[in-house]
Amino acid sequence: MCTGRIDLAFIVKAFLEGADGVYIAGCKLNECNYTTHGNFYALNVSLLFKALMDYFGINKGRIRIEFLSSSEGLFFVETVSDFIRNVAELGPLGEAEQIAPDDLKIKLSYLLKLVPYLKIATRLKLQSKISDPSKWDQLFTKEEIIKLINEAPAYWIDPEKCVACTLCAQRCPVEAIDGGKNKIHIIIQDKCIKCGNCFEVCPSRFSAVKKLVGMSVPEPIKDEQRYVKKSDTG
């Protein structure tokens, strides 16, 4: 598989499912057979994940990316063996970090939910082509990661403005919006992945979907209050 297909969610899921480390091998930088240069994207994804690991208190040595040609079999074996030794020294995920299993699962599950938002917020940097390894750690700074996490939005549908047009529910990729014809829609916060599709698709004449940053999401209205009056849709 081309490393250009590496997704941040793949890495998070690997750790969620019990991996103690993730090793990524790609073609040499600037030698990609495709115009997309997907290996740079894979590099940037791994750098973003390392910065996120640092924020969540997970050892950054649990992920490694190397670039090599098909003729460098010995180098591949050496780097994989070295990585395995290093991860073995760290021990099971969470042990060296002194993070309880349940807390670790909560952290990684939350990170997985943030993936769509993080990919959108960092999309320009994920397209960077930095060949100099000495500059890699500068791509995503600790301050930037803190800001990204703190400014992660929540989306809420204003029941006073929703006309149950169903556009937001149709565009939600994870079916996190509950509603129907003539029924005021509600975003199920535990399922929402913060992709912002609902916010983008909501007609401006209604502006029912609100983007909340640094604010608590209001409690959903009671089910018996969720029916749109005919005059509201006009």
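Throughout, read-outs are computed from the coordinates displayed, never taken from laboratory work. Every value quoted in this text rests on a predicted model; they were computed, and no experiment measured them. Methodologically, a virtual Cβ is constructed for each residue, glycine included, from the backbone with ideal geometry; neighbour enumeration extends over all protein chains shown.
Of note:
- Residues 199, 49, ranked from the fewest to the most other C-beta atoms within 10 Å, line up as 199, 49.
- Nearest-0.05 FRET efficiency for residue 205 and residue 100, computed from C-beta distance (R0 35 Å): 0.10
- Shape of segment 56-115, Cα gyration tensor, a/c cut at 1.5: oblate
- When each of 79, 141 is scored by the number of other beta-carbon atoms lying within 10 Å, the sequence from fewest to most is 141, 79.
- Sites residue 85 and residue 221 - FRET efficiency at Förster radius 41 Å, r taken between beta-carbons, to 0.05: 0.15
- Over all pairs of different C-alpha atoms, segment 154-233 has a mean inverse distance whose reciprocal, the Kirkwood radius, equals 12.5 Å.
- Label reach from residue 120 (point 7 Å along Cα→C-beta): in segment 204-219, amide nitrogens under 13 Å belong to 209-213.
- In degrees, nearest ten, helix 38-55 long axis to first principal axis of the chain (Cα): 80 degrees
- For segment 192-199, putting each phi into the Karplus relation 6.51 cos²θ - 1.76 cosθ + 1.60 with θ = phi - 60° gives couplings of 5, 9, 6, 6, x, 4, 5, 5 Hz, in residue order, rounded to whole numbers and with x for Gly and Pro.
- Tilt relative to the chain, helix 73-90 - C-alpha long axis, 0 to 90 degrees, to 10: 70 degrees
- Once the C-beta distance of residue 161 and residue 135 is scaled by a Förster radius of 45 Å, the resulting FRET efficiency is 0.45 to the nearest 0.05.
- The phi-based Karplus calculation (6.51 cos²θ - 1.76 cosθ + 1.60; θ = phi - 60°) puts the 3J(HN,Hα) values of segment 213-222 at 10, x, 10, 7, 7, x, 5, x, 6, 5 Hz, whole numbers, x for Gly and Pro.
- Compared with the dominant principal axis of the Cα atoms in the chain, helix 101-121 is inclined by about 80°.
- Cysteines, the chain, no other Cys beta-carbon under 4.7 Å: 2, 27, 32, 162, 165, 172, 192, 195, 202
- Rounded to whole Hz, the Karplus (6.51, -1.76, 1.60) HN-Hα couplings of segment 143-155, x for glycine and proline: 5, 5, 5, 4, 5, 4, 5, 5, 9, 4, x, 10, 10
- Percent RCO, i.e. relative contact order, over the chain, from Cα pairs under 8 Å lying at least 6 residues apart: 18 percent
- Mean ellipticity per residue at 222 nm, deg cm²/dmol - from DSSP H runs of n ≥ 4 across the chain, formula -39500 (n - 2.57): -11500 deg cm²/dmol
- In range of the label at residue 68: residues from segment 1-31 whose backbone nitrogen is under 14 Å from the point 7 Å along Cα→Cβ: 23-29
- Residues whose amide H lies under 5 Å from that of residue 63, counting only those 5 or more places away or on a different chain, are 22; hydrogens are built 1.01 Å from N in the peptide plane.
- What the Cα convex hull of the chain gives, in volume per residue, is 149 Å³.
- Note on segment 3-150: dipole from Cβ charges, positive end direction compared against 150, 15, 69; the farthest Cα belongs to 150.
- Overall Cα dimensions of segment 15-59, principal axis frame, Å, largest first: 36, 20, 13
- Order of 87, 213 - criterion: other Cβ atoms within 10 Å of each residue's Cβ, fewest first: 213, 87
- Inter-label distance, residue 152 to residue 191: 1.9 nm, where each label sits 7 Å from its Cα along the C-beta direction.
- Legend: Rg and Dmax of segment 1-129, from Cα coordinates, 15.0, 44 Å.
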